[in-house]
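The values are calculated or read from the model by the stated rules, or taken from the named source; none is laboratory data. Remember, predicted model here, so these are calculated numbers, not experimental data. So basically every Cβ, Gly included, is an ideal-geometry build from the backbone, and we count neighbours across all protein chains shown.
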Amino acid sequence: MSTAIQVNKPEPITNGKQVVVFDNDTDVKKTIRTLEAGKPIVISGFYSNGLVLLKALKVHLDRKLPNESFQEQRAYRAAYHTLSNRILIEIEDHKIALKKAPFIGWLEKLYPEMSDFVLPFPQVQGLNSSWQWYKNGVKIPVLRNKIHPYYGTYFPTRFDHLILFDNWLKRYEGPKKKAVDVGVGSGILSLQLVKHGFQKVFGTDINPNAIVGLTAFMGDTKLSRKIELDHAPLFGKYDKPVELIVFNPPWLPKTSKEDDVDEAIYYDENLFPDFFEAATQRLLPEGQLVILFSNLSEITNPKAIHPIEKELSEGGRFQLERCFKKKVRKASTETKRDQHWRVSEEVELWVLTHK
Ligand SMILES: C[S@@+](CC[C@H](N)C(=O)[O-])C[C@H]1O[C@@H](n2cnc3c(N)ncnc32)[C@H](O)[C@@H]1O
């Protein structure tokens, strides 16, 4: 079943041994010229040599490329992405083959069939920070236990919407037999549903890592009998109507034409119409549809269309039962630039019922 699902992971580079080496004696400028010529560089000696080279690459691009306008920033990021991904690291026996390198358990978990390979340094950095989150866990205020987000899976770093959902669940008086959690991610909403007494939750996600990660997290515990998962869009194989459907969708519309935008954050124009159409068929007559959302998109773009308001006014399928809003608490670490709009940021919990 879920063990057959292929997870997303950084693609190993297998085309032979790389010859151009960078260590603490190598000339940085020459190395950057090599990268610009399209040739890969392998880091040697200490892990920190890779960090030194990345930093030098930033300084080099700062001097070379403008980085002001939207277009310029995009071009800068693209150049940095291309060049930095030519900086490679060798993995031997599932470990980074460098001195003073961090231990990254993902190298064994994600590549069971391969012990020696090569990865781009920025990807290794991503694996490293993900491993820290996974190993240490993330404390979520509405849950007793920490969650351990799997590599490449969305997890929340702010919790106001989860508190809103928890308060709603405290007052929920309907039946608690079955619910669907569309876009289950690292499983927080499903865990909240179970905590509040739901007997069975069906979770779906288009991200294979979310499904594989949550399956592994639940293991053989009681939870694994309460939360059932399907790697599929929207409702997947769950087509029998239920009394509660919850969805914490991406909160921002896709604007760029880039392909690889994060589908936990950005939605395409079909997501909401398709979701509402499928939801009408899978909600019991007295059932409730709960959607977590935010005014993030409206704050940054006054012309933004609110997909739930649009459904209510044009869809003809659902009516508004309640909408709860909660101001987002400011995080102390955020920059001043972010704060000016965060002042008015609110999360929303929409309760819809059949018309
Ligand atoms: C904002 S995250 C929410 C995750 C989790 N429910 C939570 O509240 O922490 C949105 C999730 O929806 C998933 N997703 C996006 N489009 C989807 C679709 N069409 N069908 C199923 N899942 C989808 C993403 O992969 C992501 O895991």
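Within segment 214-239, the set of residues being touching a residue at least 60 places away in the same chain (Cβ under 8 Å) and out of contact with any Pro (no Cβ under 7 Å at 6 or more places or on another chain) comprises L214, T215, A216, F217, L229. Can you pull out every residue in segment 57-74 that is assigned to a helix (DSSP H, G or I) and exposed (fewer than 15 other Cβ atoms within 10 Å of the Cβ)? Matches in segment 57-74: K58, V59, D62, R63, K64, F70, Q71, E72, Q73, R74. Candidates F198, F202: the one that is under 20 Å from the mean Cα position of the chain (by Cα) and either at pLDDT 95 or above or of a type in the set (K, R) (or both) is F202.
Applying a threshold of 9 Å to beta carbon distances and a minimum spacing of six or more residues, or different chains, the list of pairs starting in segment 70-81 at a residue that is of a type in the set (D, E) and ending at one that is not in a helix (DSSP H, G or I) reads E72/L65; E72/P66. Across segment 75-126, what is the number of residues that are in contact with a His (Cβ under 6 Å, 6 or more places away or on another chain), surrounded by fewer than 19 Cβ atoms within 10 Å (Cβ to Cβ) and under 17 Å from G152 (Cα atoms)? Going through segment 75-126 one residue at a time, the tally reaches 1.
For segment 293-300, indicate whether the set of residues that are among the hydrophobic types (A, V, I, L, M, F, W, C), within 12 Å of the ligand (Cβ to nearest atom), assigned by TED's automatic domain parsing to the domain that holds E173 and at pLDDT 95 or above is non-empty. Taking every residue of segment 293-300 in turn, at least one turns out to be among the hydrophobic types (A, V, I, L, M, F, W, C), within 12 Å of the ligand (Cβ to nearest atom), assigned by TED's automatic domain parsing to the domain that holds E173 and at pLDDT 95 or above.
For every residue, the table says whether it meets (1) crowded, with 17+ Cβ neighbours inside 10 Å; (2) within 8 Å of the ligand (Cβ to nearest atom); (3) modelled with pLDDT of 95 or more.
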residue	(1), (2), (3)
N167	no, no, yes
L189	yes, yes, yes
M218	yes, no, yes
A232	no, yes, yes
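The residue pairs whose first member lies in segment 117-137 and is over 20 Å from I13 (Cα atoms), whose second member is in a helix (DSSP H, G or I) and not β-branched (V, I, T), and whose beta carbons are closer than 8 Å, counting only pairs six or more residues apart or on different chains, are S130/W106; W131/W106; Y134/W106. In this structure, does K330 turn out to be at pLDDT below 90 and loosely packed, with under 12 Cβ neighbours inside 10 Å? It is false that K330 is at pLDDT below 90 and loosely packed, with under 12 Cβ neighbours inside 10 Å.
Does at least one position in segment 151-159 carry a residue that is in contact with a helix residue (DSSP H, G or I) (Cβ under 8 Å, 6 or more places away or on another chain) and away from the ligand (no atom under 16 Å from the Cβ)? Looking through segment 151-159, none of the residues is in contact with a helix residue (DSSP H, G or I) (Cβ under 8 Å, 6 or more places away or on another chain) and away from the ligand (no atom under 16 Å from the Cβ). When each of D181, D166 is tested for being assigned to a helix (DSSP H, G or I), of a type in the set (D, E) and either at negative phi or touching a Gly at 6+ places or on another chain (Cβ under 7 Å) (or both), the lone residue that passes is D166.
Taking every residue in segment 148-169 that is touching a residue at least 60 places away in the same chain (Cβ under 8 Å) and pairing it with any residue that is part of a helix (DSSP H, G or I) and near the ligand (Cβ under 8 Å from one of its atoms), at least 6 positions away or on another chain, the pairs with Cβ-Cβ distances below 6 Å are T153/A210.
Looking across segment 168-198, the residues that are of a type outside the set (D, E, K, R), out of contact with any Phe, Trp or Tyr (no Cβ under 8 Å at 6 or more places or on another chain) and over 30 Å from E11 (Cα atoms) come down to L169, Y172, G174, P175, S190, L191, L193, V194, G197, F198.
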